[in-house]
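Note sheet for the following structure.
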Amino acid sequence: MLKAAGINPDRETVLLFTNLSDWDPVNKTFVHKSPYYAKGSNLAGLAWQLDSPELDTGNLELKKPIIHDGEYGEISLGKHNSIFIGGIAHELGHALGLPHCRENSNHDKTALMGTGNFTYGDEIRGEGTGSFITLAHALRLASHPQFSGSVKGLNLPAKANFSSLAVTGGSDQFAISGHVRSSIPVYAVVAYLDPEGGDDYDSRTAVAVPDADGTFSITCRELVPGKPAQVRLSACLANGAVTTWQSTYRVDEDGTPNIEALETVLELGDFVDALNRNDNQSAKLFRDRFDRKTRNYKICSAILAGKNRNTAVKTLKEVSEDAGKFPLSKVAPKAESVGWWQPAYNHVPNESLLLISAGEVFTTGIYAHAESRHIYEVGDGNWSYLEGKCGLPPMRSGSVVFVIKTDGKEVFRSEVVRPNECTGYRINLSGVSELELLTEDADDGKASDWGMWFDPILHR
């Protein structure tokens, strides 16, 4: 229908207004079932919005009449308009390619792409400071064809490459520096600092403008104490395209950033790139740059061994009696199954490869996308207990419940675990013959349920 009207939703930003609502102007009641949803990029966008007779920018100033909103209760007609007109502006932002983010502490207004859809126009009624577009998002919109008025290079392949990235820590902040290059000019780098929980609505932002040669340094403040977090670097290209690089970190309770995971990702970048090219020889050369005693060397060796399952021991009888502990990921299971892709060990089976969750780096692990099952015979070797953590890598969605059974009896069940979260366990193995590791989909489907058993270690 849209194409018949001369509108190409694959090449334009389209707003669809629906009137799936019931507004009673006499009794002043409102109920709606209209969708509020949008996504988009520099090339095209689509937003579903609400239209209703009482929505009018002229009504934003009205403290009366009081209406009954089916979702928000007794509110003024002005506040009702703030919420729903603000919702239109917020979803339009998504249609233009903007993600969520919140305001930083130096702002007295609420970021539109955070919860600013609820505060839009509040200042008109003297009920708040209202909403605003952050500098980070103003920079991103500056090159969008809807604002720049230019379609130059719009159809060109657009991807920026980050290189020579380095991170330095401080007492309450950290900085990422490096180079960013593209065949299309990169005019800004935006960092989103996204703490665990709150989806991405509570992402803080920082910005930097690269030098002519692509050199940039971006200082990341506004850290949330006691939480793991993701950092996403978005390179803004002059044709409106965006290329994003991401990693993870965590912040201690005193506000000090722990950048171990970030450092590991950067230090092992060449190794990971080589493996993603299926160039094992180069990967081994990159590994051998590290001293054999270092954690980086051990991580690289574990990933290489995990990809070559011929190195796994067939039974625990092969493990020397002098070994006080042994990684379970180096043992061939009696049975194995995963809910997506295929069994994998000591790495996440995507381009990231590294075992990272909640800002912590792990050396060994078992991939366990829900629903999964791994069974091990542990009766030989006088093993005393199994200890480790279970969780999900940094992702945008997914939820898993981890379960451990010994000789068919359930001895551990986690709470629901979500992306970039992990929890610990310690399981008594005295007199146990069979160990079973399971993941469940938390009763919400198994999409993106990338469960991982991190550093599961057998102890004597």
Query raised in the report: Right, D10: out of contact with any Pro (no Cβ under 9 Å at 6 or more places or on another chain) and either surrounded by 12 or more Cβ atoms within 10 Å (Cβ to Cβ) or touching a residue at least 60 places away in the same chain (Cβ under 8 Å) (or both) or not?
Result: no
Query - Test set (1) touching a residue at least 24 places away in the same chain (Cβ under 8 Å); (2) in contact with a strand residue (DSSP E or B) (Cβ under 7 Å, 6 or more places away or on another chain) - S34 fails condition number - result: (1)
**Report entry** Residue within the range 403-421 that is crowded, with 16+ Cβ neighbours inside 10 Å, within 23 Å of R309 (Cα to Cα) and under 20 Å from the mean Cα position of the chain (by Cα) present
**Finding:** no
Report task. Kindly check whether there is at least one residue in the range 414-430 that is out of contact with any Leu (no Cβ under 9 Å at 6 or more places or on another chain), within 21 Å of S337 (Cβ to Cβ), of a type outside the set (K, R) and part of a strand (DSSP E or B). Result -> no
Report task. Quick one: in the range 281-312, of everything that is among the β-branched types (V, I, T) and modelled with pLDDT of 90 or more, which residue is farthest from L386 (Cα to Cα)? Result -> T294
**Report entry** Of residues in the range 192-246 being surrounded by fewer than 21 Cβ atoms within 10 Å (Cβ to Cβ) and among the polar types (S, T, N, Q), the one nearest to R396 (Cα to Cα)
**Finding:** Q246
Query raised in the report: What are the residue pairs meeting all of these: first residue in the range 395-422, first residue touching a residue at least 60 places away in the same chain (Cβ under 8 Å), second residue of a type in the set (V, I, T) and crowded, with 20+ Cβ neighbours inside 10 Å, Cβ atoms under 7 Å, and 6 or more apart or on different chains?
Result: N420/T248
Requested in this report: Only residues that are in a loop (DSSP other than H, G, I, E, B), of a type in the set (A, V, I, L, M, F, W, C) and surrounded by 14 or more Cβ atoms within 10 Å (Cβ to Cβ): list them for the range 140-154, please.
Outcome: L154
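Could you tell me whether N296 is of a type in the set (S, T, N, Q) and buried (at least 20 other Cβ atoms within 10 Å of the Cβ)? Walk me through it before giving the result.
Values: of a type in the set (S, T, N, Q): yes; buried (at least 20 other Cβ atoms within 10 Å of the Cβ): no.
Taking the combined requirement at face value, the residue does not satisfy it.
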**Report entry** Single residue of the range 268-291 satisfying the filter (surrounded by 15 or more Cβ atoms within 10 Å (Cβ to Cβ) and not in a helix (DSSP H, G or I)) that is farthest from the chain's Cα centre (by Cα)
**Finding:** F290
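Being of a type in the set (G, A, S) and crowded, with 16+ Cβ neighbours inside 10 Å, is that true of even one residue in the range 49-56?
Initial filter on the range 49-56 (of a type in the set (G, A, S)): 52.
Add one more test, that the residue is crowded, with 16+ Cβ neighbours inside 10 Å, and what stays is 52.
Yes, the range 49-56 contains at least one residue that is of a type in the set (G, A, S) and crowded, with 16+ Cβ neighbours inside 10 Å.
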Query raised in the report: Can you tell me how many residues in the range 328-346 are free of Cβ contacts under 8 Å to residues at least 40 places away in the same chain, in a loop (DSSP other than H, G, I, E, B) and touching a Lys or Arg at 6+ places or on another chain (Cβ under 6 Å)?
Result: 1
Query raised in the report: Tally time: how many residues in the range 120-139 are touching a residue at least 40 places away in the same chain (Cβ under 8 Å), more than 19 Å from N104 (Cα to Cα) and not in a helix (DSSP H, G or I)?
Result: 2
Query - V14 among the aliphatic types (A, V, I, L, M) and outside any loop (DSSP other than H, G, I, E, B) - result: yes
Requested in this report: Would you tally the residues in the range 185-244 being farther than 17 Å from L165 by Cβ, modelled with pLDDT of 95 or more and hydroxyl-bearing (S, T, Y)?
Outcome: 3
Query raised in the report: Only one residue in T134, T129 is crowded, with 18+ Cβ neighbours inside 10 Å and either within 28 Å of G269 (Cβ to Cβ) or modelled with pLDDT of 95 or more (or both). Which one?
Result: T134
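The values are calculated or read from the model by the stated rules, or taken from the named source; none is laboratory data. Keep in mind it's a predicted model, so treat the numbers as computed, not measured. For neighbour counting, all protein chains shown are included, and Cβ atoms are generated from backbone atoms with ideal geometry for every residue, glycine included.
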